[in-house]
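Trainee: Right, I'll just put the structure down here and ask away after.
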Amino acid sequence: MKRIILLATPLILLVALLFLFATNITRDTSYIPSALIDKPAPEFTLPDVENLILDGVVIKGFDRSNLIGQVSVVNVFASWCVPCRQEHPFLMELSAADKDIKIFGINQKDAPENAKDFLEELGNPYDFVGADKGRVSIEWGIYGIPETFVLNAKGTITYKHTGPFTRNSFENSLLPAIEAAKAMGE
């Protein structure tokens, strides 16, 4: 009997682990709670991405004060981030469709020339892009990139999305979050 229990234990553990994995694989990981929801954006200053000139326009860095006065979307991205490429068309669509908001990019741990190449290739949806060596991302509570935040006109974070947008999450999560943030200012 001891021998059967000894031989069955690894099999039971394997089945339990497979069950745990199978039940969590379909979980929606785009919603990760943030301690910053309903709180003001952290104090920060992001310098320009060095030599970031697109279509003859110098793209400036930004700080917390730039996030006040209008609804803002803050997107954390990098050229080396494959999911950032997947979601980029949605940011371009948002930039073209809604001129009432400003879109800010936090370029995380990226070489300036790579950030420029990324935005030249895929288009620039951002009004401002700041270079982050990682410190500002920590203050924003970034788990991994891409991550996107919506802030109301007072500079309060009202929404966070972790991971790349899909058509569904863009239309049914981000766009309603932007409209809700706009309604807060009315």
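The values are calculated or read from the model by the stated rules, or taken from the named source; none is laboratory data. Keep in mind it's a predicted model, so treat the numbers as computed, not measured. Don't worry about glycine lacking a Cβ; one is built from the backbone with ideal geometry, like all the others, and counts go over all protein chains shown.
Trainee: Quick check: is even one residue across segment 57-64 part of a helix (DSSP H, G or I) and either modelled with pLDDT of 95 or more or surrounded by 14 or more Cβ atoms within 10 Å (Cβ to Cβ) (or both)?
Mentor: The answer is yes; a qualifying residue exists.
Trainee: Look through segment 94-140, keep the residues that are more than 19 Å from THR45 (Cα to Cα) and buried (at least 18 other Cβ atoms within 10 Å of the Cβ), and return whichever of them is farthest from the chain's Cα centre (by Cα).
Mentor: LYS116
Trainee: Out of everything in segment 160-186 that is in a loop (DSSP other than H, G, I, E, B) and more than 16 Å from the chain's Cα centre (by Cα), what residue ends up being surrounded by the fewest Cβ atoms within 10 Å (Cβ to Cβ)?
Mentor: Our first condition is that a residue be in a loop (DSSP other than H, G, I, E, B); within segment 160-186, this holds for 163-166, 185-186.
Filter again for more than 16 Å from the chain's Cα centre (by Cα), leaving 185-186.
Values: GLY185: 11, GLU186: 5.
Checked segment 160-186; the qualifying residue surrounded by the fewest Cβ atoms within 10 Å (Cβ to Cβ) is GLU186.
Trainee: Can you confirm whether ASP100 is of a type outside the set (S, T, N, Q), assigned to a loop (DSSP other than H, G, I, E, B), over 23 Å from ILE37 (Cα atoms) and out of contact with any His (no Cβ under 7 Å at 6 or more places or on another chain)?
Mentor: no
Trainee: With the requirement that a residue be under 14 Å from the mean Cα position of the chain (by Cα) and either basic (Lys, Arg) or surrounded by 20 or more Cβ atoms within 10 Å (Cβ to Cβ) (or both), what does segment 141-158 give you?
Mentor: ILE142, ILE145, PRO146, GLU147, THR148, PHE149, VAL150, LEU151, ILE157
Trainee: With the checklist (1) touching a strand residue (DSSP E or B) at 6+ places or on another chain (Cβ under 6 Å); (2) hydrophobic (A, V, I, L, M, F, W, C); (3) free of Cβ contacts under 8 Å to residues at least 60 places away in the same chain in hand, flag the one item VAL73 doesn't pass.
Mentor: The failed condition is (3).
Trainee: Between residues in segment 134-153 that are farther than 20 Å from ASP38 by Cβ and residues that are assigned to a helix (DSSP H, G or I) and of a type in the set (Asp, Glu), which pairs lie under 9 Å by C-beta distance while being six or more apart or on different chains?
Mentor: PRO146/GLU87
Trainee: Next question. Identify, from the list LYS109, LYS160, the residue that is at pLDDT 95 or above, closer than 20 Å to LEU52 by Cβ and among the charged types (D, E, K, R).
Mentor: Only one candidate qualifies: LYS109.
Trainee: For segment 1-46, how many residues meet the condition of being assigned to a loop (DSSP other than H, G, I, E, B), modelled with pLDDT of 80 or more and touching a helix residue (DSSP H, G or I) at 6+ places or on another chain (Cβ under 7 Å)?
Mentor: Of the residues in that region, 4 qualify.
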